[in-house]
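Some notes on the structure that comes next.
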């Protein structure tokens, strides 16, 4: 249960709160991304944190090191459990993010949020990378960025389950791998923009630490039942 995170990719705080209330106790936490954060702001983060929920703030910071450090400090001040930056921002930016998380935790006396790096978006395949001038295939690029993130002091990465075995072998058992793009098995969904997806059981078997699931749960007729089915599949793998 603790390893399943639900993406609250909804347009308003009321819808997010309703989903969280229905799913609390059946899942390990909630991801707040750009759609909900843009609509509802930090108040929705505070509301879930105050209820005792683990919040993964998925804003994928990518800017100069000083700007990212300031954003991470603000996120840490909200009490989030995990946040992410784009690993493609480079070592200095990632190190600044980790440093800001450490400094904020020390100053406030609160727990430090986990800081992870986004490797390659699961909506991209080799053709999509080539379109923007990157000739390296997704698995090679994800592995390179994961090593860079680990060297910069990050706790882990966001990566497709297809890249997980290589990252796990290179970065060790303690390095976190957070996997979106979960489809198939109990995580059934219709056509969408995921290109490098994998079922919950296969993702756990590949070495993922946490799975992030959105539409297969949030768009289900019974979101709690859908989440519980995914958890059963994860635990059986």
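Packing, taken as the mean count of other beta carbons within 10 Å per residue, orders the peptides 219-228, 78-87 from highest to lowest as 78-87, 219-228. Estimated purely from DSSP H runs of n ≥ 4, each contributing -39500 (n - 2.57), the mean residue ellipticity at 222 nm for the chain is -14000 deg cm²/dmol once divided by its residues. Along the Cα→Cβ direction, 7 angstrom out, place labels at residue 12 and residue 46. What is the inter-label distance in nm? Rounded to a tenth, the inter-label distance reads 2.1 nm. If you sort the three axes of the alpha carbon gyration tensor as a ≥ b ≥ c, you get a/c of 1.5 or more for the stretch 4-236 and a/b no higher than b/c, which makes it oblate.
Spatial offset of the stretch 58-124 relative to the stretch 194-237 amounts to 26 Å, using the alpha carbon center of each. Look at 160, 110 and count the other Cβ atoms within 10 Å of each Cβ; fewest to most, that gives 110, 160. Take every DSSP beta bridge whose two residues both sit in the chain; close to 5 percent of them are antiparallel. Mean sequence separation of contacting Cα pairs (under 8 Å, at least six apart), scaled by the length of the stretch 95-178, corresponds to a relative contact order of 30 percent. Taking the number of Cβ atoms within 10 Å of each Cβ as an exposure proxy, the fewest-first ranking of 204, 182, 134 is 134, 204, 182. Computed extension length for residue 91-residue 22: 20.9 nm, one decimal, from 0.36 nm per residue of separation with the Cα-Cα distance subtracted. By the count of other C-beta atoms within 10 Å, a proxy for reagent exposure, 175, 37, 56 are ordered fewest to most as 37, 175, 56. Extension gain, residue 2 to residue 63: 0.36 nm times the residue separation minus the Cα-Cα distance gives 18.8 nm. What the Cβ-Cβ distance of residue 237 and residue 125 gives, at R0 = 30 Å and to the nearest 0.05, is a FRET efficiency of 0.75. In percent, rounded to a whole number, the relative contact order of the stretch 1-153 is 17, using alpha-carbon pairs under 8 Å and six or more apart.
Throughout, read-outs are computed from the coordinates displayed, never taken from laboratory work. Quick caveat: nothing in here was measured; it's all calculated off a predicted structure. Note that we place each Cβ from the backbone using ideal geometry, even for glycine, and neighbour counts take in every protein chain shown.
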